[in-house]
Structure formats: C-alpha cells, structure tokens
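Written below as structure tokens is the structure these notes are about.
FYI, it's all coordinate maths here, none of it is from the lab. In this text the structure is predicted, and so the values were computed from the model without any measurement. Glycine also receives a Cβ, built like all others from the backbone with ideal geometry; neighbour counts cover every protein chain displayed.
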Amino acid sequence: MTIEMKNFSIGLPKKMTYGKNEEVITGIRKQAVEEAFLTKDGFRGDGVADLKHHGGPDRAVCIYPYEHYSLWQNEFLVQLPLPTFGENLTLTNMEEKDVCIGDVFQVGEAVMQITQGRIPCSTITKRTNNPYLLKMMVQTGFTGYLARVLKEGTVRKDSPITLVERNPNQVSILEANEIYFKRPRDVEGINKILAVDELADEWKDMLNERLARLTARQ
C-alpha cells in the first residue's frame, strides 16, 4: 500500500505553558517544514529537551500513524492538530501492527530503520490537557515508534516513502508494545523481542534487566 506523508515537522525545544500557568521546556511543539536534512542524530533544526528519555541515534526520527488521529478525535470529541504527539513524520499505512522492529524504509534521500516503540510521556498530557489520552495510547499500543538513520539525506514534505527491507524476525511494534506494557512477565515474548538485533539499545538494556529479574525468581 502507498505510504503518504500527511505532515513533516521539526522544532527545537521551547517553553510551553500548561495547566494553571505552569511551564515546561519541551520539543513536542514542532512546526511543519518544506524540507530538512536528516542526519544520524536526527533532522537538522530538530531537538529534544529531555535527553535521557528522547533523542540519540536509536531515536533519531519519531513517527506517528495518521489513522490514529481520527480515533482519538472520535474518542475524545476534540480536534487534534498535526503533529500533536511531537512526531517528525505523520504517515498513512504505517500503523504499529504493520511495522516491525528492524524494518528499513527509504524516505526521500535518506534511509531509516525502525528501532523501538515510543514510550509515551507526560508531556503529551501537558500539551493536550487530557490525562486519559496517554492511558489510551498505552492500552491500545498506539504509541508511534522511533527509527535510526542508516543513510543521511534530504527529506521533503512530498518525499516518497518505500519499504526497502522487511526484518525477518517479524516482531511488530504493536506486539512489542503488548509485551512491554501488558505482559511484563512474558519470558518467551521478551526473548522474542531481544532476538531482533536491530532493537534499540535502551530497549535491549531494559528487557535484559527485566529478564534477569524474572529468571532469578525461578
């Protein structure tokens, strides 16, 4: 199926007001652009505030499926502007159930590889003023996902996106989210995710720690 880019956005961290005039520095409020150069560390002109939980080579590109916007809008009866979740690319036909860890895609001149599901954070709640949205993202597994850059290059808002290589392990983002969030004691499932060499290092560390705790109890 044809993948369509519905929104292409970047942005550096800036102050955001939320709640009762509280403030936070965040990179979630990105702006649409015509084009940007994608490096191994992310798009030039893009950035994150929380370097511990965001950014880095394994999380250079943030992607969110366009189809989920209508779901959330119907669920909460509110119009969500693109890109509400701070994603760089809002794409059609790239839902979590269809995309696997290690899959390789060409976008414009660049080539990226899917590395992990996104772990949603409280900044989404602060931006939308909706605490239930974050819970629903985790519950459904509709979190979006992240990618590393295998080949740098220019990306435009009308750049074609094509699947270059499907990972043979076939562990979808949705399946990995299911195990990570809902089946934390699923040793077989954890091992299945860890068998994907292309998995982000942070997820490897977290899942190996979880596996060590589980096996120590046996």
When Cys100, Cys62 are ranked with the fewest other C-beta atoms within 10 Å first, the list becomes Cys100, Cys62
Förster radius 25 Å - calculated FRET efficiency between Lys97 and Asp201 (Cβ-Cβ, nearest 0.05):
0.55
Output for segment 5-169 (equivalent-ellipsoid semi-axes, sqrt of 5λ from the C-alpha gyration tensor, Å, descending) is 25, 18, 14
Within segment 100-127, whose backbone N sits under 18 Å from a point 7 Å along Cα→Cβ of Glu23?
126-127
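Report the charge-dipole magnitude of segment 5-169 in Debye, nearest 20, computed about the Cα centre from +1 at each Lys and Arg Cβ and -1 at each Asp and Glu Cβ.
Values: 20 positive and 19 negative charges, 99 e Å.
Dipole magnitude for segment 5-169 comes out near 480 debye.
List the relative contact order of the chain as a percent without decimals, with contacts defined as Cα pairs under 8 Å and 6+ residues apart. Provide the component values of the computation, followed by the final result.
On the way: 443 pairs, mean separation 52.7, N = 218.
About 24 percent, as a whole number.
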Specify whether the C-alpha gyration tensor of segment 76-218 places it in the rounded, prolate or oblate class, a ≥ b ≥ c being the square roots of the eigenvalues: rounded for a/c under 1.5, otherwise prolate if a/b is larger than b/c and oblate if not.
oblate
Along the Cα→Cβ direction, 7 angstrom out, place labels at Phe37 and Arg213. What is the inter-label distance in nm?
4.3 nm
